[in-house]
1. Among C:129-142, B:39-52, C:195-208, C:238-251, how do they line up by average Cβ neighbours within 10 Å per residue, starting with the highest?
2. Nearest 10 degrees, 0 to 90: what angle lies between the long axis of helix A:103-112 and the longest principal axis of chain A (Cα atoms)?
3. Helix C:122-185 against the longest principal axis of chain C: what's the angle in degrees, Cα atoms only, rounded to the nearest 10?
4. Output the 0 to 90 degree angle, nearest 10, between the alpha-carbon long axis of helix C:191-222 and the longest principal axis computed from the alpha carbons of chain C.
5. Expressed as cubic angstrom per residue, what is the convex hull volume of the alpha carbon set of the protein assembly as shown?
6. How do C:13, C:232, C:209 line up, fewest other C-beta atoms within 10 Å first?
7. Can you tell me what the convex hull of the Cα atoms of chain C projects to on average, as an area in nm²?
8. Multiply the residue separation of residue C:242 and residue C:376 by 0.36 nm, subtract the distance between their alpha-carbon atoms, and state the gained length in nm to one decimal.
Amino acid sequence: MKAFDAEILLIEDNQDDLDLTLHALKRENLANNILIARDGEEALDFFFCRGNYAERNFDAPPRLVLLDLKLPKVNGIEVLQQVKSDPRTKSIPVVVLTSSKEELDLVRSYNLGANSYIQKPVNFTEFRQTVKHLGLYWLVVNQPAPQGACEPAGQEP
Amino acid sequence: MKNQNMSPAEVLLVDDNPADLDLARDLLIANEHPRQVSAVTDGEDAVAFLRREGRFTSAQRPDLIILDLNLPRKNGWQVLEEVKADPKLRSTPVVIFSTSEAPRDIGNCYRLGANSYVRKPGNLQDFMAVIQSIGQFWFQNACFPRREEQ
Amino acid sequence: MQTKLLQTVLDSLGDGLIVVDMAGRLLIWNAAVENLIGAAPTALALNQWPEALGLYEPVECKTYPAEQLPMARALRGESCECEILVRTPLTAKSIWIEVTAHPLKDQNANVVGAVTAVRNITQRKISEQEIQRLHDELESRVRQRTAELEAANKELESFTYSVAHDLRAPLRHIVGFAQILEEDFRPKLEPEAQQYLTRIQQGTRRMGLLVDELLNLAKVGRQPLNLQLVNLAPIAERVIAELAPSHEGREVECKLGELSWANCDANLVKQVFQHLISNAIKYTRLRQHAVIEIGKTEVGGQMCIFVRDNGVGFNMKYVGKLFGVFQRLHRNEDFEGTGIGLATVQRIIQKHRGRVWAEGEMDRGATFYFTLKGLEQEPGAQESK
């Protein structure tokens, strides 16, 4: 496995949120193979195998992406829009994990193709529960798209 | 503390196998996840239900759709395609729940905008566990866009 | 044919008087007529009057239709009264007159002419119009103030919303790290430090509640109303059932009386019941046997819904503070609360253009009342539909 092949990509800029999420992931034994992007630009570089991630390959997508909406440089909605409109990245499960439950954010995220939307609960026990369910559902229950589906459009039936 | 104003979710199950449908519905309700589980058994009814047409004019718009692929009259891919092309329905998450493991089937679902793909297990124990997990993730954790009450 | 005495009497009248024969020729008139319209129309046929005398229909200011003149109608056997705007070239000023006309009949009840009384109502009309103008002005000022108030309210609500919303993130961090400290490091902490940690956690719990309720209060204000004809009883019933776990182990009797239907937003009215009934449950905590009554009653000729309890009640001196945000009448150690619940109730009822108020007595319980549109109908009146 190459260094860039992560099971979970966590896109989060806030250090406090990052520490708490990692703590919860560790607790659920989900933090072994995790990659962190600290802003939208870095996340897009990862998705599209550019910049620091030029060595990465489209064939090895993460099984789950956790995306915060409030991000520096390129915000979460924009990341979502780019990832979900490109056939090479469209099938990667992206779950919005954010503080806000603004109706506008919710509708825009789902409309752009977010696979799900989660508001981080204030209660930490609940948050850990959420992380556990997230991991179980997206890493075990959900069937990822086959590798072929990550290749450029035009080759599909 | 859970948000007391979060109203319980509504879900639409689309499956042509009456036994699967019943089992899934009972499991979802028993776990007290959604408020209401509606069920239809073919693709055309599914679309009519979602658009509140025909005998479904008073149907509640669901928060989540759990959709089988092999359906009479209109198959799951067609339903999925219509849902994701309709601006009024597009934001409703769709979980594909099918026995198919064919990469081509799964790939097509994601390409058409499915939010998730869950393989329907053969044995009962696994079937129950999977439904449980769908319920847990979607109804205890996920947020849905507000549906217009009527 | 007029005798001098009769003419003197007629001329002394303030109101004008005209008597015409069947052909519309003037038989009798008095000086007031000449004052009002410049001259008595002795030489004119009736159908020439509107043009020649400048008679107009008062609302649209069109020339008065000759066949509709009161005299003409009286000659056709009809009694009538109407208002006419007069702007005669002879006096070159506008006046409003009120004209009353009756047919004149002989012994055999045949119409032989018409009697018409003419009164100058200009002063009255001007006063009326002045009142109307003031009224309109007042209304537009009220409308403007209301709009300003609503805008200010909206702004305050969206401010509240964004503040409460932004507080969630740092609060979440404090809660999370405090819990990690508690779970992973508790054994290493001195007992006093453990105490402080517990206090931090209590504080954050309370703040979480506050933030959630503030967000909800702001949301209530921002959401558009979804008005429907709603049966209130099942809503109250559901709320009672949902709140049952909160008084487990206590003796709480909930009496749900007859409610009715109302034109309201079902989700919001459910919240009203939630707040009022959970308040009742909370403030009866010290009662051996708590009784909570929910029903419909008439107060001051208006139907309203009430929620009554036999709890600790409150001093009516402070009733004005009851519905204010963060206002509390009890110490937090006695009864926990955020002071936002009743403010939310009031906001919801205000949004429905209804009224909410309370009555209470120290140690003898409290009753909350609210009105909604459509409560007046008989219960069940809509069910037959």
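Every number here is computed from the coordinates shown, using simple stated rules; none is lab data. The model shown is predicted, which means the values in this text are computed figures rather than measured ones. When we count neighbours, we look across all protein chains shown, and the Cβ atoms used for this are built from the backbone with ideal geometry, even at glycine.
1. B:39-52, C:195-208, C:238-251, C:129-142
2. The helix A:103-112 is inclined about 20 degrees to chain A.
3. 10 degrees
4. For C:191-222 against chain C, the angle is about 20 degrees.
5. 298 Å³
6. C:13, C:209, C:232
7. About 33.7 nm², averaged over all directions.
8. Separation in residues times 0.36 nm, less the Cα-Cα distance, equals 45.4 nm.
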